[in-house]
Structure formats: structure tokens, C-alpha cells
1. Can you pull out the residues in segment 101-122 that are crowded, with 20+ Cβ neighbours inside 10 Å and either in contact with a strand residue (DSSP E or B) (Cβ under 6 Å, 6 or more places away or on another chain) or in a strand (DSSP E or B) (or both)?
2. Going by what's in this entry, would GLU151 be described as open to solvent by 10 Å² or more (accessible area, probe 1.4 Å), part of a helix (DSSP H, G or I) and of a type in the set (Asp, Glu)?
3. Considering only residues that are farther than 21 Å from ALA80 by Cβ and in contact with a Phe, Trp or Tyr (Cβ under 9 Å, 6 or more places away or on another chain), which ones fall in segment 44-65?
4. Consider SER44 carefully, then state whether it is closer than 30 Å to ARG266 by Cβ, among the polar types (S, T, N, Q) and touching a residue at least 24 places away in the same chain (Cβ under 8 Å).
5. Just to check your reading of the model, which residue among LEU376, LEU397 is closer than 17 Å to ALA274 by Cβ, touching a strand residue (DSSP E or B) at 6+ places or on another chain (Cβ under 6 Å) and at pLDDT 95 or above?
6. Scan ALA80, ALA25 and give me the residue that is in contact with a Lys or Arg (Cβ under 9 Å, 6 or more places away or on another chain), at pLDDT 95 or above and surrounded by 17 or more Cβ atoms within 10 Å (Cβ to Cβ).
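The values are calculated or read from the model by the stated rules, or taken from the named source; none is laboratory data. All values reported here derive from a predicted model rather than from experimental measurement. As a convention, Cβ positions derive from the backbone with ideal geometry for all residues, glycine included, and neighbour counts pool all protein chains shown. Please note that ligands, DNA and RNA were not included when accessible areas were found on the heavy atoms of the full protein model with its side chains. Shrake-Rupley method; radii C 1.70, N 1.55, O 1.52, S 1.80 Å.
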Amino acid sequence: MTHPDHPISTPPRPPSPVQGFGTLAVHAGSPHDPSTGAVIPAISLSTTFAQTSVGKPVGSFEYSRSDNPNRANFETMVAALEHAKYALAFSSGSAATTVILQSLAAGSHAISVSDVYGGTHRYFTQVAKAHGVKVTFTPEIEVDIRDHITEATKLVWIESPSNPTLRLVDIRAVATQAHEHGIMVVVDNTFLSPYIQNPLDHGADIVVHSVTKYINGHSDVVMGVAAFNSDDLLRRLAFLQNALGAVPSPFDCWLAHRGAKTLHLRAREATRNATAVAHALEASPHVIAVNYPGLDSHPHRAIAKRQHRDGMGGGMLSFRIRGGHAAAERFCQLTKIFTLAESLGGVESLCEVPSSMTHAGIPRDQREAVGVFDDLVRISCGVEDAEDLKKDVLQALERAVAEVEGGGKTVPEKANGVNGLNGH
């Protein structure tokens, strides 16, 4: 549906790719070397490329900030996985956010879901504001988006699932309403990965990822990416990518591309593990509430069944522990397989307390308004054995709550990660 005065239309769901996800993950953007026959592309570290005459490079590359073989390969692969025409890689997920917001003119207005990643909230409230872009936050974007739209509104920002409360948004419902007013819709798909959800298929204009998380999947690369179908967006965002210099190194692109080849395998295993842990937490008397879209009890389970591959819940979940902040902190110290650390989406399982870590920069009243209480624990399930993760969570719960309530003995500080399965 398109407003007569605005150019954006919500596309219908496209046909499924000719090849399956796993085939695309392994082969997209991975041509065999024509001179050596190498099956895996080499790392191209050169910063500059020869020209046959002035302004005529030998191939399609001139200078590595502007483009690089490894970056081009990685972008081709992400575009294929997200059912996009184009993808642009950045030095971090935050850099991708920066470039998209920088593409808006001063005086523009954006609407965002309230429970977003802390770094995104910081950018919206402190940096975007400084260059003249105002952001309005709403906890129920499908319900009241029309109430927040003004003549200056140019962009809607969605996280689905949201970080860290795992709320879902009906992407097509929001995109349809936004497009009636010529407003672009961006979806941060970091928490699920392209394997579980493809926002462009549901009407979004841009999908962004912190590649650091599931796409790379090995906690050894910091990168971001944006994928889209618009030729105009390519022109604008590629210009800013080059002008701002927010680009990843060739080696990081190569590593992330290698990591993405097993994304489908890792995402399936992480989902299986998170589902097992979520059910165990839901049955525990030490837990107040569990946020996991793979559970039938999740308020947005119906959206998950429509938007996610096979209704999968993904590898991320959060829960509120009895005993307040002290119990939440102690839980994270007492796990033996889950490592207390920020980030997510790696092969190893992690846990953290958002109110004191990833979302500490958000004022308490704003945090609690969207469910980020001091007793909330966020978990990223890796690819270890599900039964081991479940046992680890339950023993840490039991001991943390007992200690806080005064019924247990103090456990040594170094309980976390000391079994050698994870780093400290």
C-alpha cells in the first residue's frame, strides 16, 4: 500500500531462494580462485590496487577503504542469506547504526521501540540528537506508531526480538503503516540471525546485524552489516561507508565469512539449547518470569510462528530471579559453563546482568518501564550439550537464591568458568 504523496511500498513476500540456506551460507561469495583453484578465497591485505591507466583499475578495486575483495565476498554472502539485493559491511554494529542515522537530514524524526540495545539507545539519545535527529521511543510500536508520526518522521527502528526482554514486533504490520507515510523501516536482526528471520521478507527496508554475534559466531571479530534492496539506499549508504571510513579489515571480513558458513548449524543447536534451558527455568520456583519466544507462554508466540523459521525461539533468553539484583549477580558468578561476560551469539554460552552491564547507561525508570529490572539475567546459549547447560543453570539458581536468602554457604569467587570449558 502506498500513499499517493510518498514513494515507499511494502513489497509482498518474495519467493524462496532457489538454493537452501546452508548451501548459500557455504557457497555464496566464495568463488574458487581462477589462477590457483583454491576453494577458499585468500585474504587480500593490499590497501591499494594497480591501474592500467589513470582512473582505470585492473579489476573493480582501487583502494581498500572504498572496497576490498574480502569485504565484497562477505557482503555478497550476507545479501544472499538476507534475501537482499545489496549488503554493506561496517567496522561494528554501532557503525552500521551510525551510517544509517547519518543518512537522515538534520531536523529528521525517528521512532524506535523502547527496549533496544544499550549502545543503540546511547546513540539515539546522545549522538543523533547532537546532529539534529530526534528519536521517540515507544513500547508498543504496532499499536501506537500513528500517534508518533510527524511530518519530519523518516525512519522507524525495530529490534525483534528486543534486547534484553525478547519482545517481538510484527514487522509487516509496522512496515505497512510506516510506508503509508513514506517512512523507512529498519530492523535489527542480531538476536536471531538470517537463518531464523529475514525482515526484508516481511516488508522492512533495511536489516542490520552486529556481525560480532551470530553471523561470525566465534567471539573473535567486531563487525556490522546492513542489507537492503533499494538502489538509492546503496548510493547513499555506500557513500557514507566510504566517507566516514567505518569499514572492517580484510582479515575480519575473511573470519566472519568463514564463521557464517556454519551459521545454520550453530543457530539450530543454540535454539535447541535455549529451549531446554527456558523450560527448566520456567519450572523453577526460584524464577519470577522467563522471556523466550520459543515458549508457548511468551506473549508474542504467535508472531514467532509467523516470522521465524519453523517458529524457532533462537539462542537468547532472559529471566527474572528471586532475590533481586544480588541473586542475579551471584547467579552469574556461580555458573560453571556459562561465562559472565557481555556479548552473545558465540559458540560458548554467556550470562550477564543487563541493568549493571549492557544497559547500565539507560536511566533506571526507563529500563524498568520496559521490563529491564535489576533482577533480570540475560543468557546467550552456545552449542555445548543441552543437558550440561540445563544442569549448570539449575545449580547456579539454587545456590544463588540460597545465599541471598541466608540459607546457603558462600561459594568461592572463581566458580565461574573454572572447569576449563570457557575463559574467565
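1. Our first condition is that a residue be crowded, with 20+ Cβ neighbours inside 10 Å; within segment 101-122, this holds for 101, 110-117, 120-121.
Listed by number, the residues that qualify are ALA110, ILE111, SER112, VAL113, SER114, VAL116.
2. Details: open to solvent by 10 Å² or more (accessible area, probe 1.4 Å): yes; part of a helix (DSSP H, G or I): no; of a type in the set (Asp, Glu): yes.
Judged against the criteria, GLU151 is not a match.
3. Taking segment 44-65 first, the residues farther than 21 Å from ALA80 by Cβ are 45-59, 62-65.
Residues satisfying the conditions are LEU45, SER46, THR47, THR48, PHE49, PRO57, VAL58, GLY59, GLU62, TYR63, SER64.
4. Values: closer than 30 Å to ARG266 by Cβ: yes; among the polar types (S, T, N, Q): yes; touching a residue at least 24 places away in the same chain (Cβ under 8 Å): yes.
It is true that SER44 is closer than 30 Å to ARG266 by Cβ, among the polar types (S, T, N, Q) and touching a residue at least 24 places away in the same chain (Cβ under 8 Å).
5. Details: LEU397 fails: touching a strand residue (DSSP E or B) at 6+ places or on another chain (Cβ under 6 Å).
Of the residues listed, the single one that is closer than 17 Å to ALA274 by Cβ, touching a strand residue (DSSP E or B) at 6+ places or on another chain (Cβ under 6 Å) and at pLDDT 95 or above is LEU376.
6. Values: ALA80 fails: in contact with a Lys or Arg (Cβ under 9 Å, 6 or more places away or on another chain).
Among ALA80, ALA25, only ALA25 is in contact with a Lys or Arg (Cβ under 9 Å, 6 or more places away or on another chain), at pLDDT 95 or above and surrounded by 17 or more Cβ atoms within 10 Å (Cβ to Cβ).
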